[in-house]
Amino acid sequence: MRLLITGIRGFVGRHLAQRGSTLGWEIQGTSRLPAPPIPLFNGQQAKLGSWAPESCFGPDLILKEFQPDAVVHLAAESFAGANGLGSDSLWKANFDGTRALLDSVLHHAPKTLVVFGGTGLVYGAPLFAGAKSKESDPLCPPNAYAASKSCADLLCQLAFSNAGLRVIRARPFNHIGPGQSEKFAVSSFARQFAAMKRGLMEPILRTGNLGSFRDFTDVRDIVRGYTDLIQNGEPGEAYNMGSGVATSMDSVVNHLCEMSGLRPEIIADPSLFRRSDPLVLLADSEKIQSRTGWVPKYDMVSTIRDLWTDWMTRSETELITPLTINR
């Protein structure tokens with residue numbers, strides 16, 4: 001299996017590259033800037049080609065030379081900011097970049113399977129309290145990031161139905177784990193606790209809305225879902241990936257308190273609240289489970305502990321960078 005991962009240097013891309021290499025696959029990737037190969041399992045390396053999705057040009061040369069069996073499209077801008085319609089760079093990266101990739105595949109590797117890395121946030125708030133979102137539910141994105149991904153998701157379906165491309169749309173819900181940026185809420189909490197534990201900041205935790213609930217899945221389970229879809233998914237279909245379990249942001253903080261032995265003052269910053277954020281997001285993942293047998297294996301406490309441990313091993317510079325939080 002020859003796998004091309006766009007955005008391979010990102011959080012999910014790095015984990016997916018390692019997962020693919022353990023399966024014996026040949027891995028290549030794209031990054032916005034030229035970069036050295038990425039070390040992989042058992043001494044392997046992933047060569048990198050330069051491609052910026054916001055350039056509106058596809059990775060033609062990479063596709064022509066590598067001729068992958070599958071592409072997982074992860075290159076995107078995932079930090080949409082608090083509110084508003086989103087920046088030009090967001091829409092160029094997430095929508096125009098997807099269009100450019102699909103056009104390149106059509107012209108240079110038309111038999112290649114494309115797995116689009118979307119998001120479960122495309123559904124917005126559930127139809128009723130406690131409902132799990134299904135792939136058949138209408139798309140109702142609550143923010144600019146989700147809107148850009150919704151449009152790209154629809155474009156992928158068009159590429160399948162009108163252009164004959166073999167495209168699968170993955171819709172993973174919130175995923176966390178070692179290596180995640182502090183721009184995302186749970187990783188931000190873990191970073192702050194690590195900085196407090198190491199005496200680099202005062203015992204004050206800055207948060208957004210701790211009353212919200214999210215369907216968290218370990219990133220290592222999510223990338224296993226991607227490889228399962230490559231092997232057994234059906235082109236033209238969308239697949240949710242999530243635990244189906246609601247975890248409160250408040251309980252995440254409590255777990256980190258127990259792991260660190262700290263009880264910091266908690267300050268809810270109104271600037272970190274998003275007006276349109278659903279209070280509860282839950283995935284119905286029965287479709288991918290039935291098709292591929294995929295189920296999450298990591299429990300959430302272990303994942304939070306691994307994330308906390310990861311931040312405890314990072315440099316002081318990483319721990320004291322200016323704080324930004326997304327969800």
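Every number here is computed from the coordinates shown, using simple stated rules; none is lab data. All values derive from a computational prediction rather than experimental measurement. Note that we place each Cβ from the backbone using ideal geometry, even for glycine, and neighbour counts take in every protein chain shown.
Indicate the gyration tensor shape class of the range 101-172 (rounded, prolate or oblate), computed on the Cα atoms with a ≥ b ≥ c the square roots of the eigenvalues: a/c under 1.5 is rounded; otherwise a/b larger than b/c is prolate and the rest oblate. Prolate, because a/c is 1.5 or more and a/b exceeds b/c. Between Ala268, Ala194, Ala170, the Gaussian network model of the chain with springs among Cα atoms under 10 angstrom shows the greatest mean-square fluctuation at Ala268. With 30 Å as the limit, write out which pairs from Lys183/Lys297; Lys64/Lys183; Lys47/Lys197; Lys111/Lys287 have Cα-Cα distances beyond it, or answer none. Beyond 30 Å between Cα atoms: Lys64/Lys183; Lys47/Lys197.
So, with +1 on the Cβ of K and R and -1 on the Cβ of D and E, and no other charges, what is the size of the charge dipole of the range 213-327 about its Cα centre, to the nearest 20 debye?
On the way: 12 positive and 18 negative charges, 18 e Å.
It works out to roughly 80 debye.
Can you pull out the trypsin sites (Lys or Arg not before Pro) in the range 77-128 that DSSP calls coil and that have at most 11 other Cβ atoms within 10 Å? Within the range 77-128, the qualifying trypsin sites (Lys or Arg not before Pro) (loop, at most 11 other Cβ atoms within 10 Å) are Lys111. Rg/Rh, computed from the Cα trace of the range 183-325 with Rh as the Kirkwood radius, has the value 1.03.
Restricting the trypsin sites (Lys or Arg not before Pro) of the range 241-296 to loop positions (DSSP other than H, G, I, E, B) with no more than 15 neighbouring Cβ atoms within 10 Å leaves Arg275. Label reach from Phe41 (point 7 Å along Cα→C-beta): in the range 104-139, no amide nitrogen lies under 19 Å.
Quick one: among Gly211, Gly58, Gly242, which has the greatest mean-square fluctuation in a GNM of the chain with alpha-carbon springs under 10 angstrom? Of Gly211, Gly58, Gly242, the Gaussian network model singles out Gly211 as fluctuating most. Each residue of the range 204-210 is assigned a 3J(HN,Hα), and the resulting list reads 10, 9, 9, 9, x, 7, 7 Hz, derived from the Karplus form 6.51 cos²θ - 1.76 cosθ + 1.60 (θ = phi - 60°), x at Gly and Pro.
In loop segments of the range 67-134 as defined by DSSP, the chymotrypsin sites (Phe, Trp or Tyr not before Pro) with at most 16 further C-beta atoms inside 10 Å of their C-beta are Phe79, Phe128. For the pair the range 97-146 and the range 286-316, the centres of their Cα atoms are 22 angstrom apart.
Here the contact order of the range 195-261, divided by its residue count and restricted to Cα pairs under 8 Å and six or more residues apart, works out to 45 percent.
In this structure the amide hydrogen of His175, modeled in the peptide plane, comes within under 5 Å of the amide hydrogens of Thr217, none closer than 5 places in sequence on its chain. In a Debye calculation with equal point scatterers on the alpha-carbon sites of the range 1-104 and no solvent, what is log10 I(q)/I(0) at q = 0.11, 0.14, 0.16, 0.17 Å⁻¹? At q = 0.11, 0.14, 0.16, 0.17 Å⁻¹ the computed log10 ratios are -0.33, -0.52, -0.66, -0.73.
Compared with the dominant Cα axis of the chain, that is its longest principal axis, helix 185-197 is turned about 50°. When the alpha carbon coordinates of the range 1-59 are projected onto the principal axes, the ranges are 34, 20, 18 Å, largest first.
Which one of Leu155, Asn143, Pro203 has its Cα pushed farthest toward the positive end of the charge dipole of the range 81-224, where Lys and Arg give +1 and Asp and Glu give -1 at the Cβ? The residue sitting most towards the positive pole is Pro203.
Think of each Lys and Arg Cβ as +1 and each Asp and Glu Cβ as -1; about the Cα centre, that makes the dipole of the chain roughly 240 debye.
Phe128 to Thr22: FRET efficiency via 1/(1 + (r/R0)^6), r the Cβ-Cβ distance, R0 30 Å, to the nearest 0.05? Please list the in-between numbers first.
Values: r = 41 Å, r/R0 = 1.36.
E(calc), rounded to 0.05, equals 0.15.
For the chain, the longest principal axis of the C-alpha atoms and the axis of helix 97-108 are separated by about 30°. Enter the Cα centre distance for the pair the range 1-51 and the range 164-227, rounded to the nearest angstrom. Cα centroid to Cα centroid, the span is 21 Å.
Once you keep just the Cα pairs under 8 angstrom separated by 6 or more residues, what percentage relative contact order results for the range 1-63? Normalised by residue count, the contact order of the range 1-63 is 28 percent. Kirkwood radius for the chain, taken over all pairs of different Cα atoms as the inverse mean of 1/r, rounds to 20.1 Å.
To one decimal place, what orientation-averaged projected area in nm² is obtained for the convex hull of the Cα set of the range 50-177? Intermediate values should be presented prior to the final figure.
Working: hull surface 35.0 nm².
Average of the hull's projected areas for the range 50-177 equals 8.8 nm².
Model label points for Glu258 and Glu234, set 7 angstrom from Cα along the Cα-to-Cβ axis, are 4.1 nm apart.
Each Cα pair under 8 Å and six or more residues apart adds its separation to the average, and for the chain the resulting relative contact order is 19 percent.
Sorted on the mean count of surrounding Cβ atoms within 10 Å across their residues, most packed first, peptides 150-156, 60-66 read 150-156, 60-66.
Label the range 239-299 by shape, choosing from rounded, prolate and oblate, from the square roots a ≥ b ≥ c of the eigenvalues of the Cα gyration tensor; if a/c is under 1.5 it is rounded, and otherwise prolate applies when a/b is larger than b/c, oblate when it is not.
Here the range 239-299 falls in the oblate category.
For the residues Thr112, Thr317, Thr227, a GNM of the chain with alpha-carbon springs under 10 Å puts the largest fluctuation on Thr317. Principal-axis analysis of the Cα atoms of the chain puts helix 300-312 at an angle of about 80° to the longest axis.
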